[in-house]
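Since the structure comes first, as structure tokens, the remarks are kept for the end.
Throughout, read-outs are computed from the coordinates displayed, never taken from laboratory work. Fair warning: this is a prediction, and the values are worked out from it, not measured in the lab. Cβ: placed from backbone, ideal geometry, glycine included. Neighbour counts: every protein chain shown.
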Amino acid sequence: MDSDAQFEDNTVMTLNYNTSWNNETVLQQGHLEATLAAFNQDTPQNWLVSGEKSRHDLHGLIRYPAMMVPSMQGDILDAILREVGTDVHVIDPFVGSGTVMTEAVRRGLEFTGIDINPLAILICQAKSSVEAGNCLDSAVVQVLEAVKSDWSEVVEVDFHKRDKWFEPHQLILFSRFRRAILGISDRAKRSCLWVVFAETIRSCSRTRTSTYKLHKRPDGEVVSEKAILDTFERNLYSLLDRVAEYKADRAFALQSAPTPELICSATENTCFRRRGSHRVVITSPPYGDNRTTIPYGQFSYLALNWIPCSDLPKVPVSTGLANPAAIDFASLGGSLKDAEQKTAKIEAISTTAKEFFASARVAKNEEKLRKVGAFLWDYYVALKKVNECVGAPSHWVITSGNRTSAETLVPFDQIGREIIESFGGKWIKNVERRLPVKRMPSKNNRGDMITTESTLVASFG
């Protein structure tokens, strides 16, 4: 099929999904590289919006760390679909809160998402259940009525340092919320309610909301009983509003989407069955090891210890929920075992990595360099596994940022390109975006501001 015919077939699809960028001249060329160049020349305004304004319907169910901009990922995906058609399998090996999943499902595409964090997979399951048609109105009413009629002061959970993060009145209230949600018989509906529950814990426990790490609030900032009740109710009604908004948008869909495949596991240990005539990997990996960048495990720890294991995705044995650092230690770069050997291996693959380590060693901070080396090798191993599963033909879209470590900028975007090229991938272009206010650390204790992110687009076959 020629490119003009492909574009004509996909025009309706593009119009249905509110693509934020609509330079029709470039789109009709059918050339992906030209489209990406146009994105760099004239950044779509929707890409520059941050916070809740950029996260309509299901994208805003929870404030998960470092979420991608939905319109940006959707626009780049649309540009690829114009080139290759719609018989596509989308894969996100670091799926997080499911931004890419939601954009793929909107377009009726096959999808596989992988994440080591059970909370991430639970969030994706909740969004998938909405796509499957679950109605949550009666469940929300039932939960609110159950909470109002529950006068029990029994605390339902016990875990390491529980009382550090919750006052007695908070433990009682969250136990009532938990019992009310468990009163809903449908597990798919409960998954949505658990996401609301997790968001309420995030904003109402004794941990600060200004950081994703577990840091205790000052004693004078304890959230009151009334504020917790109001927050939970407000979050439940926000869920209904977002679901209604999503369903209104999906009412115009030409076809329903296949059920997403969601896998709770470390990416480097996971494979999946490839589907479709073309695969598209779209992801935003961690920019470094979780402990020195974004501690996803710490962020998720409290909620995961309240949600029953029977309602969680299978928790990998290697992680567990024994302590706040368990998931982060099991993630990329979490272990420094054989860090020197890992560093040597990644230097042999990436010239840019080798140059970085040579320059950074001047700072004589070997511990930080060991962390960078361990992370980069683990990242390489994870992408290598994804490549083995994805095969060709395929496109890869990887959004990353360059942080500072050992007083030296880590050129993660260029290292990522060289990793992809080592697999036989062909670099097409990098799309650059200046960061507005972003819910992720733009500055670490001794680092410089991360002001831009770069999205690499490459192809195989």
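Remark: relative contact order (segment 137-246) = 29 percent; criterion is Cα-Cα distance under 8 angstrom and separation of 6 or more residues.
Amide H contacts under 5 Å for residue 405: 410, restricted to partners 5 or more places along the chain or on a different chain, H placed in the peptide plane at 1.01 Å from N. Taking 21 Å as the straight-line reach from the Cα of residue 342, the lysines in range (excluding those fewer than 8 positions away in the same chain) are 354, 364, 368, 371, 384, 385. Shape class for segment 137-246, computed from the alpha carbon gyration tensor (a ≥ b ≥ c): prolate, with a/c not under 1.5 and a/b above b/c. Computed packing ranks the peptides 404-412, 363-371 as 404-412, 363-371, most packed first, by mean other Cβ atoms within 10 Å. Under 16 Å of direct C-alpha separation, and excluding same-chain neighbours fewer than eight residues apart, residue 216 reaches these aspartates and glutamates: 163, 167. Using the Cβ-Cβ distance between residue 224 and residue 337 with R0 set to 51 Å, the FRET efficiency works out to roughly 0.65.
Distance between the pseudo-spin-label points of residue 234 and residue 249 (7 Å out from Cα toward the beta carbon): 2.3 nm.
The distance from the alpha carbon centre of segment 364-410 to that of segment 221-246 is 38 Å, rounded to a whole number. Partners of residue 161 within straight-line reach, counting aspartates and glutamates whose Cα lies under 17 Å from its Cα and excluding those fewer than 8 residues away in the same chain: 219. Plainly put, the chain has a radius of gyration that is 0.97 times its Kirkwood radius, both from alpha-carbon atoms, as the Rg/Rh ratio.
Counting every other Cβ atom within 10 Å of each residue's Cβ, 300, 310 order from fewest to most as 310, 300. Estimated from helices alone, the mean residue ellipticity of the chain at 222 nm is -14500 deg cm²/dmol (sum of -39500 (n - 2.57) over DSSP H runs with n ≥ 4, per residue).
Please list, by residue number, every one of the GluC sites (Glu not before Pro) in segment 120-210 that is coil in DSSP and has at most 15 other beta-carbon atoms within 10 Å. Those satisfying the criteria are 153. Length available on full extension from residue 366 to residue 45: 0.36 nm per residue minus the Cα-Cα distance, which gives 111.4 nm. Under a 5 Å amide H cut-off, with hydrogens placed 1.01 Å from N, residue 333 pairs with 378 among residues at least 5 apart or on other chains.
The label point for residue 158 and the one for residue 256, both projected 7 Å from the Cα toward the Cβ, are 4.5 nm apart.
The amide H of residue 428, built 1.01 Å from its N in the peptide plane, has 457, 458, 459 as neighbours under 5 Å, considering only residues 5 or more places off or on other chains. Evaluate the relative contact order of the chain (contact order divided by residue number), counting alpha-carbon pairs under 8 angstrom at least 6 apart; express in whole percent. Worked out over the chain, it gives 18 percent. Estimated from the Cβ-Cβ distance and a Förster radius of 45 angstrom, the FRET efficiency linking residue 169 and residue 272 is about 0.50.
Remark: spin-label model distance residue 87-residue 132 equals 2.8 nm, labels positioned 7 Å along the Cα→Cβ axis.
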